[in-house]
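A quick write-up on the structure given underneath.
The values are calculated or read from the model by the stated rules, or taken from the named source; none is laboratory data. All of these numbers come straight from a predicted model, not from anything done at the bench. Neighbour counts are summed over all protein chains in view; Cβ atoms, including those assigned to glycine, are modelled from backbone coordinates with ideal geometry. Ligands, DNA and RNA are stripped out before the accessible areas are found, and what is left, the full protein with its side chains, is counted by its heavy atoms. Shrake-Rupley method; radii C 1.70, N 1.55, O 1.52, S 1.80 Å.
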Amino acid sequence: HDISLLFIFLFLNTPETISLVQRFSETHIKENLLIPDKKGVNGYTFSNCLELFNTIVKAIDETVYKDIEEYAGGQASFIFPWIVGLFTHNVNDMMLQMRLMDYFITSHPIAVFVLTAVIAIDEIKKLKEASNKLDQAQFFIHFQQLDKDKIDYDQYIKECAQKIKEIDFNSLIQCYKERK
């Protein structure tokens with residue numbers, strides 16, 4: 001809903017906007033909210049989304065990947081709304097929402113996962129520096145209390161774009177899909 005409202009707010013209620021929202025719903029949103037039936041529907045389910053995120057974190061920083069395994073039981077579920085809602089549910093500043101939407105629309109389809117990963121990696125490193133003894137509760141509380149409006153998205157977008165160039169995410173995703 002947040003993404004649809006953002007499109008409608010930006011482009012008014014025109015046939016093009018309706019078409020854009022419909023197309024976006026049929027791809028990104030449907031893919032990320034798909035619930036498999038007994039036969040196993042293809043697509044990203046909640047747990048698959050987290051697995052793909054973990055795969056990307058591991059490709060970028062294995063130490064932080066191990067921290068997620070240790071302190072979050074391997075399930076960084078705090079990132080799911082970031083990915084599905086493209087941060088629109090977590091960022092209140094409309095200008096930031098528009099900047100992020102612009103980036104996601106014009107970037108590699110995996111960009112939201114990579115951007116989420118680079119932000120999470122940086123935050124986990126900060127959390128480890130600030131705490132002598134880290135536990136699962138501290139880990140999740142930190143991300144719940146994180147002010148997403150104060151994140152330097154432009155810097156993270158630059159880092160994300162660089163990571164997408166450096167790491168062959170297409171083959172990484174292919175390997176991920178083959179494992180399933």
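What pairs can you find where one residue is in the range 71-89 and within 17 Å of Phe139 (Cα to Cα) and touching a residue at least 24 places away in the same chain (Cβ under 8 Å), the other is in a loop (DSSP other than H, G, I, E, B) and among the acidic types (Asp, Glu), and their Cβ atoms are less than 8 Å apart, with a gap of 6+ or different chains?
Sorted first by the residue in the range 71-89, then by its partner, the pairs are Tyr71/Asp135.
Of the residues that sit in the range 63-92 and are part of a helix (DSSP H, G or I) and open to solvent by 40 Å² or more (accessible area, probe 1.4 Å), which one is nearest to Lys148 (Cα to Cα)?
We begin by selecting, within the range 63-92, every residue part of a helix (DSSP H, G or I); these are 63-71, 77-84.
Subsequent filtering for residues that are open to solvent by 40 Å² or more (accessible area, probe 1.4 Å) retains 63, 65-66, 69-70, 77, 81.
Numbers: Thr63: 24, Tyr65: 22, Lys66: 24, Glu69: 23, Glu70: 24, Ser77: 16, Pro81: 12 Å.
Filtering first and then ranking leaves Pro81.
Do we have any residue at all in the range 14-24 that's open to solvent by 80 Å² or more (accessible area, probe 1.4 Å) and at pLDDT below 65?
Keep residues of the range 14-24 that are open to solvent by 80 Å² or more (accessible area, probe 1.4 Å), which gives 15-16, 18, 22-23.
Applying the additional criterion that residues be at pLDDT below 65 yields none.
The answer is no, given that none of the residues of the range 14-24 is open to solvent by 80 Å² or more (accessible area, probe 1.4 Å) and at pLDDT below 65.
Looking at (1) assigned to a helix (DSSP H, G or I); (2) modelled with pLDDT under 75; (3) open to solvent by 40 Å² or more (accessible area, probe 1.4 Å), which is the one condition that is false for Ile3?
Just one mismatch for Ile3, condition (3).
Looking only at residues in the range 99-137 that are open to solvent by 70 Å² or more (accessible area, probe 1.4 Å) and of a type in the set (S, T, N, Q), which one is farthest from Ile68 (Cα to Cα)?
Going residue by residue through the range 99-137, those that are open to solvent by 70 Å² or more (accessible area, probe 1.4 Å) are 99, 102, 105-106, 109, 125-126, 128-130, 132-133, 135-136.
Then keep just the ones that are of a type in the set (S, T, N, Q); that gives 106, 132, 136.
Details: Thr106: 30, Asn132: 16, Gln136: 9 Å.
Residue satisfying both the conditions and the ranking: Thr106.
Yes or no: the range 93-104 includes at least one residue that is within 27 Å of Asp147 (Cα to Cα) and either assigned to a loop (DSSP other than H, G, I, E, B) or at pLDDT below 80 (or both).
Step one: list which residues in the range 93-104 are within 27 Å of Asp147 (Cα to Cα), which gives 93-104.
Narrowing further to those that are either assigned to a loop (DSSP other than H, G, I, E, B) or at pLDDT below 80 (or both): 93.
Within the range 93-104, one or more residues are within 27 Å of Asp147 (Cα to Cα) and either assigned to a loop (DSSP other than H, G, I, E, B) or at pLDDT below 80 (or both).
For residues that are assigned to a helix (DSSP H, G or I) and at pLDDT below 90, scanning just the range 146-171, find the one that is farthest from Glu62 (Cα to Cα). Steps first, please.
Initially, the range 146-171 is screened for residues assigned to a helix (DSSP H, G or I), giving 148-150, 153-166, 169-171.
Next, from what is left, pick out any that are at pLDDT below 90: 148-149, 164-166, 169-171.
Details: Lys148: 24, Asp149: 27, Ile164: 17, Lys165: 18, Glu166: 16, Phe169: 16, Asn170: 19, Ser171: 18 Å.
Checked the range 146-171; the qualifying residue farthest from Glu62 (Cα to Cα) is Asp149.
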